[in-house]
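Below is one structure, written out as structure tokens, with a few remarks after it.
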Amino acid sequence: MAKEKYLKEEQLPAWLSELGRTNRVLAPREEGGSIVFRPCADGEVPVLATDSTASPKAAIFPASHELFSFAQEKNPDDPEKASLTLTPKIEAEPTVVFGARPCGVRGFLIFDRVYQGEKFPDPYYKAAREKTLFITQTCTSTENTCFCNWVGSGPDDPAGSDVLLTRVNGGFLLEAVSGRGEALLESPLLSDAGDRAKEAKAAREEARKSLGEARDLSAAPKSLLALFNDQGFWEDVSAKCLSCGACTYLCPTCYCFSITDETKGLSGKRLRSWDNCMSFQFTLEASGHNPRPTKAHRLKNRVGHKFSYYPTLHEGLLACCGCGRCIKSCPVSVDIREIVLRAIEHAKAQEVSE
């Protein structure tokens, strides 16, 4: 049986401060009308009433990250020749991410298969992943943009978490779901959970019911592939899209990046930064040719990758966690659920007509 503890609400800041003695603690904070993850100040009370605007992916995969620095040194005897020194910056500090929702943390399961593969593991991602723990807040209520149950998840999904936290009367129930999570619950500020697990279970069950019936997306990979060359379909579903990229930057499972060098004289650094597949420049070639010249082409790639290409490569795992951020924060309300369902119905209708 998993270790369960109880934390009084008024003791939360003290517990986070305790964790902060040996870890960088990231917690949700309101900034400029958005809820984002930031280092938790001593005594700070995190914003837990609603899900964060941005997912916690930057905790492990920063928006911009220095990979290494480089320096050239000219040969004084032959100025046309120079030696090059590369200094990798593979470092990660122990981190606890507090208060993310299960859908946001589940996104790292998608990252893991890409950046921790057997052939080409990413040392930067691996270092941060190994030193980061997640205390995840289960959902006791949902929004109309939530659809985690469609992708095989749920309001209390433990996948990717170390501790599940559920709000109960007067405080929080803490449940360890990993060995590292158990170690986090050794604090004297925590007490025996008693029968609070029943209260937490009831709250989670209500959240699951509020999601409604999950739609069957098993036909999505095949259906989207069947519509790959149906430009009319993609122009229709992308008509109101602005190609602003908000969906990609906020998505817990988007992992594309660009590489840039910043130089000063003979030295500099190489950066890896998030990139946006909804941008025209993302696939623009030096020749001026762009294989995805329109937003219809780009939206086809975004939706197709999450619900067809990725699951085809990774044992059926959808590259979507159902958090609904791309729907909630889209300025023109493009709904990825609607696109996938339309694709399934459209492909089904084509099969019947043939």
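The values are calculated or read from the model by the stated rules, or taken from the named source; none is laboratory data. Keep in mind that what you see is a predicted model, and the values were worked out from it rather than measured. Note that each Cβ is placed from the backbone with ideal geometry, even for glycine, and that neighbours are counted across all protein chains shown.
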Item to complete: Return the pairs, sorted by first residue and then second, in which the second residue is surrounded by fewer than 18 Cβ atoms within 10 Å (Cβ to Cβ) and of a type in the set (A, V, I, L, M, F, W, C), the first residue lies in the range 142-153 and is in contact (Cβ under 8 Å) with a residue 60 or more places away in the chain, the beta carbons are less than 8 Å apart, and the residues are 6+ apart or on different chains.
Response: Phe147/Ala214; Asn149/Ala214; Trp150/Ala214; Ser153/Ala159
Fill in: Index of the failed condition, Ala349 passing every other in (1) over 19 Å from Gly107 (Cα atoms); (2) modelled with pLDDT of 95 or more; (3) assigned to a helix (DSSP H, G or I)
(2)
Worksheet item: So which residues in the range 186-211 are free of Cβ contacts under 8 Å to residues at least 60 places away in the same chain and assigned to a loop (DSSP other than H, G, I, E, B), if there are any at all?
Response: Glu186, Pro188, Asp195
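Only one of Ser69, Ser64, Ser55, Ser17 is at negative phi and modelled with pLDDT under 95. Can you tell me which? Working first, answer last.
On the way: Ser69 fails: modelled with pLDDT under 95; Ser64 fails: modelled with pLDDT under 95; Ser17 fails: modelled with pLDDT under 95.
Only one candidate passes the filter, namely Ser55.
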Item to complete: Any residue in the range 249-268 that's on the phi > 0 side of the Ramachandran plot and in contact (Cβ under 8 Å) with a residue 12 or more places away in the chain: show its pairings with residues that are among the hydrophobic types (A, V, I, L, M, F, W, C) and buried (at least 19 other Cβ atoms within 10 Å of the Cβ) at Cβ separation under 9 Å, as long as the two are six or more apart or on different chains.
Response: none
Practice prompt. Kindly list the number of the only condition in (1) in the same structural domain as Asp162 (by TED's automatic domain parsing); (2) touching a residue at least 60 places away in the same chain (Cβ under 8 Å) that fails for Phe70.
Written response: (1)
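Do we have Arg325 as basic (Lys, Arg) and surrounded by 18 or more Cβ atoms within 10 Å (Cβ to Cβ) here?
Values: basic (Lys, Arg): yes; surrounded by 18 or more Cβ atoms within 10 Å (Cβ to Cβ): yes.
Judged against the criteria, Arg325 is a match.
Tell me whether the range 262-273 contains one or more residues that are under 22 Å from Cys321 (Cβ atoms), in contact with a Ser or Thr (Cβ under 9 Å, 6 or more places away or on another chain) and outside the structural domain of Val114 (by TED's automatic domain parsing).
Of the residues in the range 262-273, the ones under 22 Å from Cys321 (Cβ atoms) are none.
Looking through the range 262-273, none of the residues is under 22 Å from Cys321 (Cβ atoms), in contact with a Ser or Thr (Cβ under 9 Å, 6 or more places away or on another chain) and outside the structural domain of Val114 (by TED's automatic domain parsing).
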Discussion item. Can you list the strands (runs of 3 or more DSSP E) lying wholly within the range 60-139 that have 2 or more residues being touching a strand residue (DSSP E or B) at 6+ places or on another chain (Cβ under 9 Å) and surrounded by fewer than 21 Cβ atoms within 10 Å (Cβ to Cβ)?
Written reply: 64-75, 78-88
Worksheet item: When you scan the range 221-313 for helices (runs of 4 or more DSSP H) that lie fully inside it, which ones turn up with 1 or more residues that are of a type in the set (Lys, Arg)?
Response: 295-304
Item to complete: From Leu165, Leu224, Leu190, grab the single residue that is outside the structural domain of Thr138 (by TED's automatic domain parsing), buried (at least 18 other Cβ atoms within 10 Å of the Cβ) and modelled with pLDDT of 95 or more.
Response: Leu224
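How many residues are under 19 Å from the mean Cα position of the chain (by Cα) and in a strand (DSSP E or B) if we restrict to the range 31-58?
Taking the range 31-58 as the starting set, the residues that turn out to be under 19 Å from the mean Cα position of the chain (by Cα) are 34-39, 47-48, 50-58.
Okay, now just the ones that are also in a strand (DSSP E or B), so 34-39.
Residues that pass the stated criteria total 6.
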Worksheet item: Do we have Ile344 as crowded, with 20+ Cβ neighbours inside 10 Å, touching a Ser or Thr at 6+ places or on another chain (Cβ under 6 Å), in a helix (DSSP H, G or I) and modelled with pLDDT of 95 or more here?
Response: yes
Item to complete: Kindly list the number of the only condition in (1) without any contact (Cβ under 8 Å) to a residue 40 or more places away in the chain; (2) more than 25 Å from Gly232 (Cβ to Cβ); (3) hydroxyl-bearing (Ser, Thr, Tyr) that fails for Ser353.
Response: (2)
Worksheet item: Of everything in the range 314-339 that's within 20 Å of the chain's Cα centre (by Cα) and assigned to a helix (DSSP H, G or I), which residue is farthest from Ser243 (Cα to Cα)?
Response: Arg337
